[in-house]
1. In whole percent, and with a 1.4 Å probe on the protein chains, what portion of the accessible area of the chain is carbon and sulfur?
2. Below 10 angstrom from the Cβ of L25, what's the summed charge of the other residues (Lys, Arg +1; Asp, Glu -1)?
3. For T66 and F16 in one chain, what is 0.36 nm times their gap in residues minus the Cα-Cα distance, to one decimal in nm?
4. Tell me, what is the per residue accessible area of segment 5-84 in Å², probe radius 1.4 Å?
5. Counting helices only, and only those DSSP H runs with n ≥ 4, report the 222 nm mean residue ellipticity of the chain as the sum of -39,500 (n - 2.57) divided by its residues, in deg cm²/dmol to the nearest 500.
6. Can you compute the charge dipole magnitude of the chain about its Cα centre, using +1 on each Lys and Arg Cβ and -1 on each Asp and Glu Cβ, nothing else charged? Give it in debye, rounded to the nearest 20.
7. Mean separation of Cα pairs under 8 Å and 6+ residues apart, divided by the residue count of the chain: what relative contact order is that in percent?
8. Compute the signed sum of charges (Lys and Arg +1, Asp and Glu -1) over the other residues within less than 10 Å, Cβ to Cβ, of G44.
Amino acid sequence: MQDFWGGQLGDSAIVFNKTLGKAYLVQTAFWEFYLTNEGPIALGEPIGEEHAPISNSSSLYPCPVTMLSCQAFRRGTLFWDGISVAPISNAPPL
């Protein structure tokens, strides 16, 4: 994990997912939530980048159109509605 304070993206971190062999950016409100709510334990590592809603998404963890952005983690998904972050637990993989 590489933590950044301030800068162009605000407080953020690049978090490596060892299983996928990829690193993902966790930023601003999602990063704050991750830090203050035992993210590494409660959510695990990210499994994708933060993204806006996508109509007719076939993603396992879709982002509802009522949200501004979402980011999936191994054990949960974070949703941003423009005011606050809401976590939802992910179903265990089959």
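1. Ligands and nucleic acids excluded, carbon and sulfur give 60 percent.
2. Once all neighbours under 10 Å are counted, the net charge is -2.
3. Values: separation 50, 0.36 × 50 = 18.00 nm, distance 2.88 nm.
Gain in length upon complete extension: 15.1 nm.
4. 60 Å²
5. -3500 deg cm²/dmol
6. For the chain, the charge dipole is close to 320 debye.
7. Numbers: 174 pairs, mean separation 17.4, N = 94.
It rounds to 19 percent for the chain.
8. Working: positive: R74, R75; negative: E45.
Charge balance near G44 sits at +1.
The values are calculated or read from the model by the stated rules, or taken from the named source; none is laboratory data. Values in this document were obtained by computation on a predicted structure and should not be read as measured data. As a convention, Cβ positions derive from the backbone with ideal geometry for all residues, glycine included, and neighbour counts pool all protein chains shown. Only protein heavy atoms, including side chains, enter the accessible area calculation; ligands, DNA and RNA are left aside. Shrake-Rupley method; radii C 1.70, N 1.55, O 1.52, S 1.80 Å.
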